[in-house]
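Contents: one structure, followed by commentary.
No lab work stands behind these numbers, since they all come straight from the coordinates. Because the structure is a prediction, the values reported are computed rather than measured. Cβ: placed from backbone, ideal geometry, glycine included. Neighbour counts: every protein chain shown.
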Amino acid sequence: MAIFSVYVVNKAGGLIYQLDHYAPRADSEKTFSYPLDLVLRLHDERVVVAFGQRDGIRVGHAVLAINGAEVNGRFTADGKDVLEFLSNPANYPVSIRFGRHRLSSNEKLMLASMFHSLFAIGSQLSPEVGSSGIEMLETDTFKLHCFQTLTGIKFMVLADPRQAGIDSLLRKIYEIYSDFALKNPFYSLEMPIRCELFDQNLKLALEVAEKAGPFGPGS
Amino acid sequence: MSRQAGRGTESKKMNSELFTLTYGALVTQLCKDYENDEDVNKQLDKMGYNIGVRLIEDFLARSNVGRCHDFRETADVIAKIAFKMYLGITPSVTNWSPGGDEFSLILENNPLVDFVELPDNHSSLIYSNLLCGVLRGALEMVQMAVDVKFVQDTLKGDSVTEIRMKFIRRIEDNLPAGEE
């Protein structure tokens with residue numbers, strides 16, 4: 001049972017807080033000799049595996065690091081193009097780390113704004129008047145729960161589909177926001193939340209919810 | 001005053017005298033700083049507004065009240081739930097205007113003014129003006145523009161404290177989705 005992430009979106013649709021709570025997925029680091037038996041290609045400014053799954057390296061995994069140094073999109077840490085680097089036999093043997101690409105903060109901002117718009121569309125599509133927006137989005141690997149307050153702030157939690165008690169977790173996150181973010185006089189409304197106490201208490205609340213497992217927290 | 005128990009923290013009871021003293025110190029310092037009663041009133045209203053925009057979230061998070069559908073419901077929620085939760089008093093709602101857009105909150109006792117006497121040189125000071133700002137700020141965050149003012153004040157010799165609240169309009173810009 002796990003809670004993967006928490007997003008807080010302000011009235012205008014901007015992401016003001018984001019927390020990733022899952023254990024990092026297994027990355028595979030392997031040493032390769034020339035020629036590379038995986039087919040790599042450029043996709044969205046990242047180098048991904050297009051063909052040649054083996055040993056835990058799946059199609060779609062991105063190159064995360066070369067020889068221990070993290071890559072910067074399509075360039076290595078010292079500015080060389082990754083694909084050129086890997087097509088040169090002189091650079092082998094090389095150790096490459098593959099893994100699922102994690103969202104950058106810009107991507108998260110964009111996705112949060114997109115969800116904000118979709119949320120509004122949800123209420124417009126409804127055949128009934130005064131329907132709420134999207135409350136839950138379900139896929140085979142996670143469920144996204146969204147709670148919008150009367151003041152327009154949205155709290156979103158991505159969790160395992162079997163995790164229960166998310167509704168009360170969302171209310172608890174609202175309480176934590178009203179305590180540690182709003183009661184901090186140095187926090188300005190609608191701005192990104194950078195409050196230590198908010199982080200700590202949120203993580204505690206997530207742990208409590210996770211421990212409660214599929215039956216939800218005891219009342 | 002105490003915080004609600006059962007939130008994981010021990011319920012903390014705080015001395016209300018400290019609250020009265022703190023508010024008193026605030027007002028007297030403002031008087032010294034601004035020297036003009038009107039300016040002090042404005043500052044208290046601004047401060048109250050800043051409190052109100054934050055307090056509303058705390059109120060909604062703890063009280064689980066849903067959206068009010070008309071001004072009468074709003075008045076009841078303010079008097080019976082909000083005032084009770086934050087100041088421990090329950091004002092009565094009276095003097096509705098014929099159009100249903102104005103009402104009065106009658107406070108028998110006001111915790112902010114325990115032990116306070118207004119001197120003659122501050123006759124136009126609205127001592128509890130912070131409350132007006134709080135109500136205005138809080139309602140603005142739930143899309144209601146209101147005008148709040150004191151019409152009677154025990155500090156000025158009246159028998160009760162009366163706050164008049166008038167509904168101006170619904171704030172249509174930036175409505176949360178689903179509230180149209």
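How many lysine pairs are close in chain B, with Cα atoms under 17 Å apart and the two 8 or more places apart or on different chains? Write out the running numbers ahead of the final one.
Details: B:LYS12/B:LYS84; B:LYS13/B:LYS84; B:LYS32/B:LYS42; B:LYS42/B:LYS149; B:LYS46/B:LYS149; B:LYS149/B:LYS166.
Total qualifying Lys-Lys pairs in chain B comes to 6.
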*Among the aspartates and glutamates, which have Cα under 20 Å from the Cα of A:LYS172 when same-chain residues fewer than 8 positions away are ignored?*
A:ASP20, A:GLU135, A:ASP160, A:GLU190, A:GLU196, A:ASP199, A:GLU207, A:GLU210, B:GLU10, B:GLU57, B:ASP58
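Using only alpha-carbon positions, what ratio does the radius of gyration of the protein assembly as shown give when scaled by 2.2 N^0.38 Å? It would help to have the intermediate numbers written out before the result.
Numbers: Rg = 27.9 Å, N = 399, 2.2 N^0.38 = 21.4 Å.
Compactness ratio reported: 1.30.
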_Straight-line reach only, C-alpha to C-alpha below 19 angstrom: list the lysines that A:LYS108 could link to, leaving out same-chain residues fewer than 8 apart._
A:LYS11, A:LYS143, A:LYS154
*Kirkwood Rh, Cα atoms: Rg over Rh of the range B:70-133*: 1.03
_Distance (nanometres) between label positions extended 7 Å along Cα→Cβ at B:HIS122 and A:ASP44_ = 6.1
*Spread of Cα-to-Cα distances over 10 Å intervals beginning at zero, given as percent, for chain A*: 7, 27, 26, 22, 14, 4, 0
_Using alpha-carbon coordinates, inclination of helix A:105-125 to the longest axis of chain A, degrees_ = 50
*Quick one: grab the alpha carbon gyration tensor of the range A:126-219, order the square roots of its eigenvalues as a ≥ b ≥ c, and give me rounded if a/c is under 1.5, else prolate or oblate depending on whether a/b is larger than b/c.*
oblate
*Separation in nanometres of the label points that stand 7 Å from Cα toward Cβ, at A:ASP20 and B:ASN109*: 5.7
*17 Å reach of a label modelled at A:LYS30, 7 Å along Cα-to-Cβ, counting backbone N of the range A:60-75*: A:60-68
*Sticking to Cα atoms, compute the Rg of the range B:98-146 to one decimal and its Dmax as the biggest Cα-Cα distance, whole number, in Å.*
14.2, 39
*B:LYS166 to B:THR20: extension gain in nm, 0.36 nm per residue of separation minus the Cα-Cα distance?*
49.8 nm
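As an exercise, take the mean of 1/r over every pair of distinct alpha carbons in the range B:16-170, invert it, and state the Kirkwood radius in angstroms.
16.0
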*Relative to the longest principal axis of the C-alpha atoms of chain A, give the angle of the C-alpha long axis of helix A:196-212, reported between 0 and 90° and rounded to the nearest 10°.*
90
*Label the range A:27-99 by shape, choosing from rounded, prolate and oblate, from the square roots a ≥ b ≥ c of the eigenvalues of the Cα gyration tensor; if a/c is under 1.5 it is rounded, and otherwise prolate applies when a/b is larger than b/c, oblate when it is not.*
rounded
*Arrange A:ARG97, B:ARG170, A:ARG58 by Cβ neighbour counts within 10 Å, fewest through most, would you?*
B:ARG170, A:ARG58, A:ARG97
_If I take R0 = 51 Å and measure r between the Cβ atoms of A:ASN88 and A:THR139 in this structure, what FRET efficiency does the formula 1/(1 + (r/R0)^6) give, to the nearest 0.05?_
0.80
